[in-house]
Each structure stands twice: as structure tokens, then as C-alpha cells.
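Asker: Provided herewith is a single structure, encoded as C-alpha cells, for subsequent inquiry.
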Amino acid sequence: MKAKARAYTNIALIKYWGKRDELLFLPTNNSLSITLDKFYTDTSVEFDASLKQDQFILDGQHVDSKELKKISAFLDKVRTSTGEVRFARVDSVNHVPIAAGFASSASGYAALAAAAMKATGSNISKRELSQMARQGSGSASRSIYGGFVEWQMGVQPDGSDCYAVPLLPQDAWDLRVLSIEVTHEVKKVLSREGMKRTVETSPFFTGWLEAVAADLIEAKQAISTRDFTLLGETLERNALRMHATTLGAEPPFMYWQSSTVKVMESVQALRQEGLEAYFTIDAGPNVKVVCQPHDEQGLLNELSKLDVVKHIYPCRIGPGITYLDL
Ligand code: ADP
Ligand code: DP6
């Protein structure tokens, strides 16, 4: 059986940064995201008894052995949970820059989980799908849903209470996100490696855990009352706190480039001038700027003037998983 799914990327307003179980992808804190409408991955999966091993074609090319191993390890989890025994042919197309902090792993594993589970003939709930996607990449657990999404860390050692839940549907609160590309280079420290190093070596990690719990409460309050200023202040602060942990790691590392800082400074200056926007940054140098619809065009005009800005992708809030015709 063959199946095809589309998943959109998400951007965390309250970051997932740290695992308590590496194998099961169990996080050290809850996180909160919005799904974006511009970046997505389409993945088809076919289990085929004639295959001697899994095959993974990404953007039309066979991937290297390291990538194939990652995908096969994930497909093993699908096989174990469903009783499927055949190898799979996976064909995926990313409509998103890879490994540059635009969350290709989130849309990638959410689409793969959805297509693979459907291709086995299993009919699972979104909650179970979120749990499966999580075991490919933590942030993928949130891309099962559109709109505002919270990934609950849970407390069980087996991950049975660790999944994403929808907070607000796609069209409940019209916020805009300007995804600003300052570089297309692949980042040097992948999120997986970066968060592991931080948990193991950064003395700031305990401070992060205290701070993120308080930030989450504020962000949820802001979302339920549609208080944009409170949400913006909270999300910007949370991103800075996450990035601060990396400076304390051993060896230390930093996702920002000088161009990243220029955009951050510019967003803060524009805010002083009345264009209300807040930045957030994932594990890469590119910046996402969150604003309300009436400020979007003004921000686009101003931020495009910066010489460090290569491209701006204006995004809206996007949908959850969809299944595509073959
Ligand atoms: P980012 O999410 O910023 O692009 P990450 O380090 O989180 O960067 O993830 C990049 C990794 O995600 C890639 O190295 C690859 O292993 C995985 N990935 C990217 N696209 C896909 C896809 N379509 N299907 C499965 N895995 C993917
Ligand atoms: C900074 O989900 O890519 O983007 O679970 O190891 O695959 P793995 O990590 P990943 O980490 C995302 C980290 C982040 C914050 C976030 O998306 O919440």
C-alpha cells in the first residue's frame, strides 16, 4: 500500500530545548508553536516486499548512508508499532530550506510519519500520530496540527503522555510571520547535537528550565486573551533565553551570525518607532519576525532595506497534516 502526506513546518514561540530521553525523544519542557503556511514537505511511502532495504529519495536524489540510517531507524519504529515487515520506498520533497533553522525536520518527519502509518494500513488518532512523529524529530510532534499547538512533555518514562495538542485552530488569530533568510548555508551544529551538548554541559540549562516554565504560562495567557504585546514580549524573551544556554556549553557555540544580530536590532528599533514586531530564532542564523496583519507591509518595507537580508518569506498561520492523492 502507498500513501502520501503533506506537513507544514512550525515555529516555536516557546522553545523545545533539551531531552530527558534521547531514544524516545522525550523533552525536558513543554513547548508551544504556530504552524506556518509557506513551508511544507510532501512525502510518499510505499512498503514493498521486493525491497532489500529502505530507500529514501529527498528532493529527487538518493541521500547519503547517514541520512538513510536515520530514516530507516524511524521506519523501524513504524514497523515495530504496526507489525509491518517490509522495507519502504520513501520519496520526499521539501518546500523549505534544509537545516538552516527553517524547521525542515519538523515538516519532514511529520509528513513521513503520516504517510508511513497510512501506508501500513493503520488508522491512528492524531495524538498517536504526534507521538510517532515525535520519535523522528521532537518538533515534528507539533506539525500534526495547524494553528497554535502545545507539545506536552508528559511525565511517563515510556512517553505515553508526551504528545502535542491543538490550542487554537488555524484561523482563530491572524498573526503573520516574516521568515527572514540571512544565509542559505547549512548550520554547523544541528539542533539535536546542540541541545544534547547544552543539557550535558551548560551551567545555564537549569536556569532555562525555570524560565521556560514561567514563559509558557504567560504565552498561554496571551493566546487565550489574544494579547499580542504579552505574547510578543514572551516569545522574544524565550528565544533569547534558549540561545543564552548555548554560550555556556562546552565547547560553547552560537547560532547567530552578525547578520542575525542586525535583524534583531532592527526589529527592536522598529518597535520603538511604532511597528510592533518581535523576533524568534531557532537553531540557525535566520530570523522569524512575528507581527499583526496591519504592521506586516510596513515591516516588510523596512526590513527589506537591510543589506544583510537575502530574502523575506511572508507567512500566515498554516494547517495541520493533509493526505494527498497519489
Ligand atoms: P532544520 O529543521 O532547521 O532544517 P534540523 O537540524 O532540525 O534543521 O533538521 C535537518 C534534518 O532534518 C536533516 O539533516 C534531515 O535529517 C532531516 N530532514 C530534512 N528534510 C527531511 C524530510 N523531508 N524527510 C525526513 N527528514 C528530513
Ligand atoms: C530550536 O526538533 O529539530 O527549533 O528532536 O533532536 O530532532 P530533534 O530536534 P528538533 O529541535 C528543534 C529545536 C528548536 C526549538 C523548537 O522547535 O521548539
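The values are calculated or read from the model by the stated rules, or taken from the named source; none is laboratory data. Everything numeric in this text was worked out from a predicted model, so none of it was measured. Neighbour counts run over all protein chains shown; Cβ positions are idealised from the backbone, glycine included. When the accessible area is computed, the model is the full protein with side chains, heavy atoms only, and any ligands, DNA or RNA have been set aside. Shrake-Rupley method; radii C 1.70, N 1.55, O 1.52, S 1.80 Å.
Asker: Could you give the angle, 0 to 90 degrees to the nearest 10, between helix 104-119's Cα long axis and the longest principal axis of the Cα atoms of the chain?
Answerer: 30
Asker: Modelling each spin label as a point 7 Å along the Cα-to-Cβ direction, I'd like the Gln297/Thr225 distance in nm, to one decimal.
Answerer: 3.1
Asker: On C-alpha positions alone, give me the angle between the axis of helix 205-225 and the longest principal axis of the chain, in degrees, nearest 10.
Answerer: With both axes taken from Cα atoms, the answer is about 80 degrees.
Asker: Write out the GluC sites (Glu not before Pro) in region 125-188 meeting two conditions: DSSP loop, and at most 15 other Cβ atoms within 10 Å of their Cβ.
Answerer: Here the sparse-neighbourhood loop sites are Glu185.
Asker: On to the next question. How many Å³ per residue does the convex hull of the Cα positions in region 162-209 occupy?
Answerer: 183
Asker: Turning to a different aspect of this structure: Quick check: from the Cα gyration tensor, does region 84-240 come out rounded (a/c under 1.5), prolate or oblate? Intermediate values should be presented prior to the final figure.
Answerer: Details: a/c = 1.44, a/b = 1.33, b/c = 1.08.
It is rounded, given that a/c, with a ≥ b ≥ c, falls under 1.5.
Asker: Also, I was wondering about something else. Taking 0.36 nm per residue of separation and subtracting the Cα-Cα distance, what length does fully extending Ala172 through Lys52 add?
Answerer: 38.5 nm
Asker: So, by mean Cβ neighbours within 10 angstrom, what's the order for 268-280, 51-63 with the highest one leading?
Answerer: So the order, starting with the most tightly packed, is 268-280, 51-63.
Asker: Please determine, in degrees from 0 to 90 and to the nearest 10, the orientation of helix 65-82 with respect to the longest principal axis defined by the Cα atoms of the chain, where the helix direction is its Cα long axis.
Answerer: Helix 65-82 sits roughly 70 degrees off the main axis of the chain.
Asker: Quick one: divide the alpha-carbon radius of gyration of region 56-131 by 2.2 N^0.38 Å and tell me what you get.
Answerer: 1.11
Asker: Rounded if a/c is under 1.5, else prolate if a/b beats b/c, else oblate: with a ≥ b ≥ c from the C-alpha gyration tensor eigenvalues square-rooted, which is region 87-166?
Answerer: oblate
Asker: Can I ask one more? Quick one: the Cα spread of region 1-50 along its three principal axes, in angstroms, biggest first?
Answerer: 42, 30, 10
Asker: Next up: Can you give the log10 of the normalised intensity I(q)/I(0) at q = 0.07, 0.11, 0.14 Å⁻¹, computed with Debye over equal Cα scatterers of the chain?
Answerer: -0.26, -0.66, -1.07
Asker: Let me ask something else. Just to be sure I follow: if Rg is taken over the C-alpha atoms of region 149-229 and Rh is the Kirkwood radius over the same atoms, what is Rg/Rh?
Answerer: 1.02
Asker: For region 1-137, place one equal point scatterer on every Cα, skip the solvent, and apply the Debye formula. What is log10 of I(q)/I(0) at q = 0.17 Å⁻¹?
Answerer: Per q value, in the given order, log10 I(q)/I(0) is -0.92.
Asker: Ignoring ligands, DNA and RNA, what accessible area per residue does region 40-126 give at 1.4 Å, in Å²?
Answerer: Using a 1.4 Å probe on heavy atoms only, each residue of region 40-126 averages 45 Å².
Asker: I'd like the distance between the alpha-carbon centres of region 165-198 and region 16-69, rounded to an integer number of Å.
Answerer: That distance is 15 Å.
Asker: Given a cut-off of 14 Å, what percent of all Cα-Cα pairs of region 206-293 lie beyond it?
Answerer: 67
Asker: Please compare each pair in Lys77/Lys220; Lys77/Lys196; Lys220/Lys262; Lys52/Lys187 to a cut-off of 27 Å on the Cα-Cα distance and tell me which ones are over it.
Answerer: Distance filter (> 27 Å) returns Lys77/Lys220; Lys220/Lys262; Lys52/Lys187.
Asker: Using a 7 Å offset from the Cα along the Cα-to-Cβ direction at both Lys77 and Asp64, what is the distance between the two label points in nm, to one decimal?
Answerer: Label at Lys77, label at Asp64, 2.3 nm between them.
Asker: To check you understand DSSP bridge types, tell me what percent of the beta bridges within the chain (both residues inside) are antiparallel, rounded to 5.
Answerer: Of the beta bridges lying entirely in the chain, close to 95 percent run antiparallel.
Asker: How much of the accessible area of the chain, in percent, comes from carbon and sulfur atoms when a 1.4 Å probe is used?
Answerer: Accessible surface attributable to carbon and sulfur in the chain totals 52 percent.
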